[in-house]
1. Could you list which residues have their amide H under 5 Å from that of residue 162, counting only those 5 or more apart in sequence or on another chain, with H placed in the peptide plane?
2. Compute the distance from the alpha-carbon center of region 1-59 to that of region 183-243, in whole Å.
3. Once the Cβ-Cβ distance between residue 82 and residue 225 is put in as r, and R0 is 51 Å, what FRET efficiency do you end up with, to the nearest 0.05?
4. Would you grab the residues whose amide H sits under 5 Å from the one on residue 220? Only those 5+ places off in sequence or on another chain, please, with H modelled 1.01 Å from N.
5. Please state the shape class of region 17-74: rounded when a/c is under 1.5, otherwise prolate if a/b exceeds b/c and oblate if not, all from the C-alpha gyration tensor.
6. Apply the Karplus parameterisation 6.51 cos²θ - 1.76 cosθ + 1.60, with θ equal to phi minus 60°, to every residue of region 269-286 and state each ³J(HN,Hα) to the nearest whole Hz, in sequence, with x for glycine and proline.
7. Let's test the formula: R0 of 45 Å, r as the Cβ-Cβ distance of residue 255 and residue 164. What FRET efficiency results, to the nearest 0.05?
8. If you roll a 1.4 angstrom probe over the protein chains with everything in place, what fraction of the accessible area of the chain belongs to carbon and sulfur, to the nearest %?
Amino acid sequence: MDMESLTIFCAVASELSVTQAAARLGRAPSSVTTRIQQLEADIGAELFVRANKRMALTAAGERFLEYARRLLALADEARHVVTGGREGGTLRVGSMESTAASRLPALLAAYHARYPATRLELGTGPSRPLIEQVRTGLLDCAFVALPPAFGGKAALQELGLASQAVWREELCLLLPASEAQARRPADVRTRSLAAFPQGCTYRGIAEEVLGVAGSTDWRVQELSSYHTMIACVAAGACVTVLPASVLALSDARAVLATISVGQADTLLVWRAGFDVPAFRHLLAQLGEAAP
């Protein structure tokens, strides 16, 4: 179980194809197959199911994939630290969709211009899964909003995570044209909410504000992007809650009414003690960008 074998395994797990993984790695397919077989023999378990020229991860392979990614990340982190950041390293950043759309483009562009040797990897998702991925080492840090029932920064500390507030978002309840006269959430007659899947803090806030929990009248449409949510609201099908900074990116703000439903802080979270040059550079960049 060496770094090269782990790299090959992760590539095959990503592509679910020896041929495509070999092309991505610049290796012969036979070499990739041999390394996977050697790794399976070393571990003592099959990592892939092979049938009809198709591949899939076994249950053991899915569990091992998380460890393989963490081991590779730890090796990269060690190399980055002992060279004082000279090799650039990789910084794996997680983010809510809203933050990635409205806050990160300028920040990450400035970071890349200043530290071009550092490879930035960005993944998006709801806050709760992002926090768990930081805790387990799959991400180095993440931009999240804490759910009201989460327990605040004290709960993060219990998980071994540090945090820093970076932005305060104004949250808006976006309404279809038929609800233009509504002045407060209780006035809304539409009973369909567009939101991300469970684990999204803004969904939790929306459900609380609108009284969705325990109600048989409300229906939640789980969607994967704010663009789709805004389009559904414009079509009169539902309402949604989103940050004003995201709505500002859309033409819909000129034709759809909104109701303010409060504020939510965006936090940057990371594992306590995580202190590599690439991450220190990100903290410094955030400090410079702060108003």
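1. Result for residue 162 returns 270, 271, 272.
2. 42 Å
3. Working from the Cβ atoms, E equals 0.80.
4. 193
5. It comes out oblate by the Cα gyration axes.
6. Karplus-based 3J(HN,Hα) across region 269-286 equals 10, 8, 5, 4, x, 6, 8, 9, x, 4, 6, 4, 5, 5, 4, 5, 5, 5 Hz.
7. E(calc), rounded to 0.05, equals 0.75.
8. Ligands and nucleic acids excluded, carbon and sulfur give 51 percent.
The values are calculated or read from the model by the stated rules, or taken from the named source; none is laboratory data. What you are looking at is a predicted structure, and each value in this text was computed from that prediction instead of being measured. Please note: Cβ atoms are built from the backbone with ideal geometry, for glycine as well, and neighbour counts cover all protein chains shown. To get the accessible areas, we keep the full protein, side chains included, count just its heavy atoms, and leave off ligands, DNA and RNA. Shrake-Rupley method; radii C 1.70, N 1.55, O 1.52, S 1.80 Å.
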